[in-house]
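To start, the structure under review is shown below, and the notes come after it.
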Amino acid sequence: MAMPRSEARSTPAAQQDALAHAGEVAHWTVMLLGWLWLGEQGMRLGWSLASGVLAVALWWAARLLCRGSTWAFQSRPTAMAWCGGLSAVGVWLPQWLASFHASTLNAAPVNLAHTGLLIVALLWGAWSGLIETRSRFSTFQLGPVAWHPVLAATLVGLAWLAPGEVSWTPWPVSALLVVCATVLSARDRATVPRPTGCPGARAELSSLLAPSAMGLMMGSLWMGNVWCAGLGLSNEQMVLGHLGMMAVLPALVAPSWRWIPTHRQPCLSLVLLALGALMLLGQSTVHGVLAMLLPSLAWAVHCSRPRVTMKLSTMTPPWLTRAMALVLGPGLLVWVGLASPMSGPLAMQTALALLGALAGLQALVLSVRETVAHPSWSIP
């Protein structure tokens, strides 16, 4: 029996809608695994350069450089599958290289394995930038409840706690990346028309500070940073806590921010980030928790607000945005890794204090700008 015309027309749209939701889950999964697995591997291999955070920094830098690039826009859909497939296979590269030279007695196996990890980080970062560029919607625009990052965090947490330590047997990570590559490749082939712009590639300083602070917390997860060391958390508790801060918290708090005017949300994110930096001045457990929670709330507000909140003519040039993002993100993380062996937690405190100070200044600038644009809102 022939299919009714109305049902025949709705089938492609339903498939694209399903791929959109599945693609967002895969997108969050790829990002969360990049933060956790690359950082853990860098610390496990024990390379002295930058305290093991160099792999995360390279992944972060490659992601920022590829996001919104000409290559990301013009590449064929097969590029998504190839980058994902090679990343899924590449997670085995450090272990293969270490096993290949296991019979030697010098430090060459560790250095060789770490070199393989850096190669994987660059490839994985390029794939992540391609995913962000080709994504048409924000997670928080697909429905009233942003369940996608919560499901992704659950999948990553289950993979992390799977039998056989992921740090030594990366099969759960590889399997998850294969599934993500399949879903994202299918979504990319079904996306018509293709995205013509990437808001993340052209943003002001106010849109860079919260992601940089959250990235510093995720990148320094395995360094025993100031709050984790002070709270005495185990590795499992740190991993689950960071997954909750980066993925679950935005989904929980997003509905409560919808009553706040759109033009007020960037300033709110900056104020939360500045207050989090002030909490680093305290020494109590409460101060440590707030120093971790407030920047995470700033990240949650940043995620849930609309991607484009200003006219294109007032945006920062793309090259300047990339430079600021690289310096305040992976560049600052590398500095923390280099300074931590000598200064300990003070390096991370200094980095977050810098971001907090910039956030406070930027909040003041935005407040003055809004007052000038809307004089009736000013207080007599």
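Once R0 is set to 41 Å, what does the formula 1/(1 + (r/R0)^6) return for the Cβ-Cβ distance between SER367 and TRP171, expressed as a FRET efficiency to the nearest 0.05? Once rounded, the FRET efficiency stands at 0.20. Each residue, THR70 and PHE100, gets one label point 7 Å from its Cα in the Cβ direction; the gap between the two is 3.4 nm. Sorted largest first by accessible area at a 1.4 angstrom probe radius, with every protein chain in place, the residues HIS242, HIS302 fall in the order HIS302, HIS242. With the simple model of a label 7 Å out from the Cα in the direction of the Cβ, GLN283 to LEU346 spans 1.5 nm. Between TRP147 and THR115, the simple spin-label model (points 7 angstrom out along Cα→Cβ) gives 4.8 nm. Per-residue 3J(HN,Hα) values for segment 137-144, derived from phi via the Karplus relation 6.51 cos²θ - 1.76 cosθ + 1.60 with θ = phi - 60°, read 10, 7, 4, 7, 9, 8, x, x Hz in sequence order (x marks Gly and Pro). The GLN15 and ALA357 beta-carbon pair, evaluated with R₀ = 41 Å, returns a calculated FRET efficiency of approximately 0.25.
The values are calculated or read from the model by the stated rules, or taken from the named source; none is laboratory data. Keep in mind that what you see is a predicted model, and the values were worked out from it rather than measured. A quick note on method: Cβ atoms are made from the backbone with ideal geometry, for glycine too, and the neighbour counts reach across all protein chains shown. Note: accessible area is taken over every heavy atom of the protein model, side chains too, but ligands, DNA and RNA are not part of it. Shrake-Rupley method; radii C 1.70, N 1.55, O 1.52, S 1.80 Å.
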